C-alpha cells in the first residue's frame, strides 16, 4: 500500500513537471503608427470653388454641383522651389500668379494640391482630400496630388529620404482610406494615362512637359508600397 502510494505521488510529480506553462506571445515587430498630417489650408474661397466647377465643365465636359471627386490616382510631384513658405504662397490664392503664362490660357484657376511634404518629411494637408485640385492635366477629376518641396530648378533629383518615407506613409494612408485608388504615378508619367478611361482632357492642344518628381523617387516610392498592388501607367507617350 505504502509502495503504491509513493509510486502514484512520483508519477504525479513527473507529470506536473513535464507540462510547461505556455509562454506569453511577445510581438517583436514595431506597430504601424498612424501617419501624422498637419492641416495648413490654402485659400479655397467660393470664387475658387466656382472657378473649379467652370474648369471641370470646360476641360472635362461635366456640369457639377460640387467639386468632390472619387480618388483613383495618386500623383507625386516636386515644387522646383526649395522653400516651403514660397511654395505654399504660390498655391494659396484662388487665381494663377502672373508668371504662369504656360497654362493661363487654359484657365485662370490657380494650381493646387491636396498635400505638400516639406524637406524634413512633415506632411501638410492643404485642402479637403476629396476636392478637386488643379495639379495634373487631364486627370484632376480622379486624382490626389502630393507636392514635395525640392527638385531645384526643375532638374535636380534632390528629394530627401525623409520625404520618401513620408510619401510611402501617405500613399498607404490614402489607399486605406480610399479603396477606389488604383494608380500611383509620377507627374512626368501623366501623358501615359491618356490610354486609360480616366483621361478627360478635351483640349487637344493643352499639354506640358514634366520631369517631376524624378524617376528614381517614383521607383523607390513604388518599392515601398509594392504590397498595395497599385498600377503603373500604361507604357506609351
Of the residues in segment 45-56, those that are touching a strand residue (DSSP E or B) at 6+ places or on another chain (Cβ under 7 Å) and either modelled with pLDDT under 95 or exposed (fewer than 13 other Cβ atoms within 10 Å of the Cβ) (or both) come to none
If we ask which residues in segment 65-75 are touching a helix residue (DSSP H, G or I) at 6+ places or on another chain (Cβ under 9 Å) and either within 24 Å of residue 186 (Cβ to Cβ) or outside any loop (DSSP other than H, G, I, E, B) (or both), their number turns out to be 7
- Message: Take the conditions surrounded by fewer than 18 Cβ atoms within 10 Å (Cβ to Cβ), assigned to a loop (DSSP other than H, G, I, E, B), at negative phi and touching a helix residue (DSSP H, G or I) at 6+ places or on another chain (Cβ under 6 Å) and apply them to residue 62. Does it pass?
- Response: yes
Legend entry - Any hit, segment 90-107, residues being surrounded by fewer than 20 Cβ atoms within 10 Å (Cβ to Cβ), within 24 Å of residue 217 (Cβ to Cβ) and in contact with a strand residue (DSSP E or B) (Cβ under 9 Å, 6 or more places away or on another chain): no
*asked:* Please verify whether residue 81 is modelled with pLDDT of 95 or more, within 21 Å of the chain's Cα centre (by Cα) and surrounded by 19 or more Cβ atoms within 10 Å (Cβ to Cβ), treating the condition exactly as stated.
replied: yes
### Query
Hey, any hits in segment 35-43 for a residue that's at pLDDT 95 or above, surrounded by 13 or more Cβ atoms within 10 Å (Cβ to Cβ) and either over 30 Å from residue 166 (Cα atoms) or touching a helix residue (DSSP H, G or I) at 6+ places or on another chain (Cβ under 6 Å) (or both)?
yes
Reported set for segment 136-145 where residues are over 15 Å from residue 195 (Cβ atoms) and under 13 Å from the mean Cα position of the chain (by Cα) is 143, 144, 145
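I need a count of the residues in segment 181-202 that are without any contact (Cβ under 8 Å) to a residue 40 or more places away in the chain and either within 14 Å of residue 146 (Cα to Cα) or surrounded by fewer than 17 Cβ atoms within 10 Å (Cβ to Cβ) (or both).
2
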Would you confirm, using the coordinates I've provided, whether residue 32 is exposed (fewer than 15 other Cβ atoms within 10 Å of the Cβ), assigned to a loop (DSSP other than H, G, I, E, B) and at pLDDT below 95? yes
Considering segment 78-114, residues that are touching a helix residue (DSSP H, G or I) at 6+ places or on another chain (Cβ under 6 Å) and part of a loop (DSSP other than H, G, I, E, B), and then whichever is farthest from residue 54 (Cα to Cα), we arrive at 82
Selection from segment 146-166 of residues buried (at least 17 other Cβ atoms within 10 Å of the Cβ) and either at pLDDT below 95 or in contact with a strand residue (DSSP E or B) (Cβ under 6 Å, 6 or more places away or on another chain) (or both) yields 146, 147, 148, 150, 151, 159, 163, 166
Taking segment 111-134 and keeping residues surrounded by fewer than 24 Cβ atoms within 10 Å (Cβ to Cβ), free of Cβ contacts under 8 Å to residues at least 60 places away in the same chain and over 15 Å from residue 39 (Cα atoms) leaves 111, 119, 120
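The values are calculated or read from the model by the stated rules, or taken from the named source; none is laboratory data. Fair warning: this is a prediction, and the values are worked out from it, not measured in the lab. FYI the Cβ positions are ideal-geometry reconstructions off the backbone, even for glycines, and counts take in every protein chain you see.
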